[in-house]
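Inspection log for the structure reproduced underneath, given as structure tokens.
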Amino acid sequence: SGVTHVDVAVIGTGYVGTTTSIAFAAWDHKVIAIDSDREKISKLNRSVLPFYEEGLEKRLEQYRGSGNLSFTDDLKQGIARCDVLFIAVGTPSSPDGSADLSYVEMVARQIGQMMDRYKVVVTKSTVPVGTGDKIKAIITDELKKRNLSFSVDIVSNPEFLREGRALYDALHPERVVIGCETETAKKVMATLYERAQAPILYTTIRDAEMIKYAANAFLATKISFVNELARLCEKTGTNIMKVTEGMGMDSRIGPQFLRAGIGYGGSCFPKDTTALLNLAREQKIVLPILQAASDVNQTQVTWFMKRIQRTMGSFSGKRITLLGLTFKPETDDTREAPSLKIIEQLLQNKAVVNAYDPQGMEHVKKIYPQVVYKLTPYEALKGADAIILATEWREILDLDWSKVKGLVTQPYLFDGRNALDPSAMRDLGYCYVGIGIGERG
Ligand code: UGA
């Protein structure tokens, strides 16, 4: 189609910044991605990703080659070249649980100090309601100091991509949410997303900011609801896998995000639920449902560990092999991963812990040097008194489980993701325990 290209700059080359840059380049816009971290930029300029995401590096190489995508650590030059400027820097948790906006605010100030004409400034980072107003105030203030009279339009355009499926999600969004309050900004954003062929929802800036938190909070609540129910299934001899299958066939409920397990981790759900609870606290109201979802998630690993202990007895002196460390498969991200809580509890109870993960060992090694990390799952499983599956990597599910049976000392298999077939495992002679699968289930 006759889409005109837009000159875009993206500040921040983390997961979201890099993936969105690549998606815009794929839609034939001209993208310059900016980061103050020189090492990151020099890697990206050699088509090396600073994180693991299947298939993304190839696209990085492709669009750098086509001239649609370039990287720089020179903020001023990046800003000068673009009409639309995305803020995709991190918003980590402050000690009190609120979102730390210092990076966003610093970038806004720099934008105000460097911009040379009207621009649309878009937030991609997950930011609390009201951040758009703050950014506008900061930039306007800087422009005033410089005696400049042109204006700036603020847009909130939250990102819904999942790690491990980042490029697919960015290129094929189910919806695009655009919070904007001027016609000019709306037109630019529509052009930018024309090739996404997705429905666009236009809202106020504040509504768009809230939608992102609301979506993540709802998904997290779905998971915690099922994990809570799983506890009851264990006690009543029912099987959460069958129960959620039956629930999910109702289109009003839907089958997704109903998988029971050791809880949600990652850089988004834990942080965003906490930030939303914090926002509510500031407004002096309570959100009991979301609070409960967060509480269930925080106690789910302990619940599972108690069940393990009831099955195999004390951990003291036992060799336990942990399969999977990342917060989910297809990523090297171990932030807030339930595996970390498992390690913590095993070490506290004096177990000897061996671990294997296809991507996550480097990071965890720094936090828990006491754990023995092995280069293959089979090595990690040799002589184990119990196996705990914490991340459902394909490679782990596809192990030769009958060979594994010959390597371990005792046949305890604890599946924290309900990802293996219980009857197949029992047929091989394992004592298989999943989550929310009652003794009789
Ligand atoms: C999540 C959202 O799914 C994205 O839409 C959003 O853009 C992103 O956060 C973000 O805010 O940036 P992500 O954190 O990459 O994406 O991972 P998910 O696939 O949502 O999984 C989150 C956690 O929930 C994982 O630990 C996963 O194992 C767990 N989970 C997921 C379950 O325990 N059960 C389920 O049924 C689904």
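Quick note: the coordinates plus some simple rules give every number you see, no bench work behind them. Everything numeric in this text was worked out from a predicted model, so none of it was measured. Heads up, the Cβs are rebuilt from the backbone with ideal geometry, glycines too, and the neighbour counts pull from every protein chain shown.
Once a ≥ b ≥ c are taken as the square roots of the eigenvalues of the Cα gyration tensor of segment 315-430, is the result rounded (a/c under 1.5), prolate (a/b larger than b/c) or oblate (a/b not larger than b/c)? Present the calculation step by step, with values, prior to reporting the outcome.
Numbers: a/c = 1.70, a/b = 1.25, b/c = 1.37.
Oblate shape, in that a/c is at least 1.5 and b/c is the bigger or equal ratio.
At 0.36 nm per residue, minus the direct Cα-Cα distance, what do Gln77 and Tyr118 gain on full extension? Give it in nm, one decimal, please.
Using 0.36 nm per residue and subtracting the Cα-Cα distance, I get 13.2 nm.
Just to check I understand the Karplus step: with θ = phi - 60° and J = 6.51 cos²θ - 1.76 cosθ + 1.60, what whole-Hz values come out for segment 253-266, glycine and proline as x?
My calculation for segment 253-266 gives 8, x, x, 8, 6, 10, 7, 6, x, 8, x, 8, x, x Hz in order.
Using amide H atoms built in the peptide plane, which far-off residues or other-chain residues are under 5 Å from Arg162 H to H?
Asp169
Quote the relative contact order of segment 7-203 in percent (integer), defining contacts as alpha-carbon pairs under 8 Å separated by 6+ residues. Can you show the working numbers first?
Working: 355 pairs, mean separation 39.4, N = 197.
Answer for segment 7-203 is 20 percent.
Measure off 7 Å from each Cα along the Cα-to-Cβ vector at Ile200 and Ala214, then give the distance between these two points in nanometres to one decimal.
2.1
Using Cβ counts within 10 Å as a stand-in for footprinting exposure, how do Asp96, Asp427 rank, fewest first? Spell out each step's value before the answer.
Numbers: Asp96 9, Asp427 12.
In order of increasing Cβ crowding within 10 Å: Asp96, Asp427.
Compute the FRET efficiency between Asp141 and Glu282 as 1/(1 + (r/R0)^6), taking r as their Cβ-Cβ distance and R0 = 30 Å, and round to the nearest 0.05.
Efficiency computed from Cβ-Cβ geometry: 0.80.
For a quick protection proxy, order the peptides 28-34, 279-285 by their average other-Cβ count within 10 Å, most packed first.
Working: 28-34: 23.0, 279-285: 11.6.
The densest-packed peptide leads the list: 28-34, 279-285.
Label Arg426 and Glu61 with points 7 Å out from Cα along Cα→Cβ: what is the distance between them in nm?
4.8
Place a label point 7 angstrom from the Cα of Met106 along the Cα-to-Cβ direction, then list the residues of segment 1-43 whose backbone nitrogen is under 13 Å away.
Of the residues in segment 1-43, 12, 35-38 have backbone N under 13 Å from the label point off Met106.
Rounded to a whole number of µm²/s, how large is the Stokes-Einstein D of the chain at 25 °C and 0.890 mPa s, given Rh as the Kirkwood radius over C-alpha pairs?
It comes out at roughly 104 µm²/s.
Express the Stokes-Einstein translational diffusion coefficient of segment 216-433 in µm² s⁻¹, to the nearest whole number, given a Kirkwood radius over alpha-carbon pairs, 10 °C and a viscosity of 1.306 mPa s.
The Stokes-Einstein estimate is 88 µm²/s.
Cut-off is 10 Å between beta-carbons; in what order do Arg307, Arg117 appear when sorted fewest neighbours first?
Arg117, Arg307
Give me the net charge for the shell around Asn354: Cβ to Cβ below 15 angstrom, other residues only, Lys and Arg +1, Asp and Glu -1.
Around Asn354, the charge tally is +3.
Sequence neighbours fewer than 8 away in the same chain don't count; with that in mind, list the lysines whose C-alpha is under 27 Å from Lys350.
Lys306, Lys318, Lys328, Lys341, Lys365, Lys366, Lys374, Lys382, Lys405
Please give me the summed charge of the neighbours of Ser156: other residues whose Cβ is under 13 Å from its Cβ, Lys and Arg +1, Asp and Glu -1.
So the surrounding residues net to 0.
Could you tally the net charge around Met312, taking each other residue with its Cβ under 12 Å from the Cβ of Met312, Lys/Arg +1 and Asp/Glu -1?
Spelling it out: positives minus negatives among the neighbours equals +4.
What is segment 7-203 by shape, rounded, prolate or oblate, if you read a ≥ b ≥ c off the alpha carbon gyration tensor as root eigenvalues and call it rounded for a/c under 1.5, prolate for a/b larger than b/c, and oblate otherwise?
rounded
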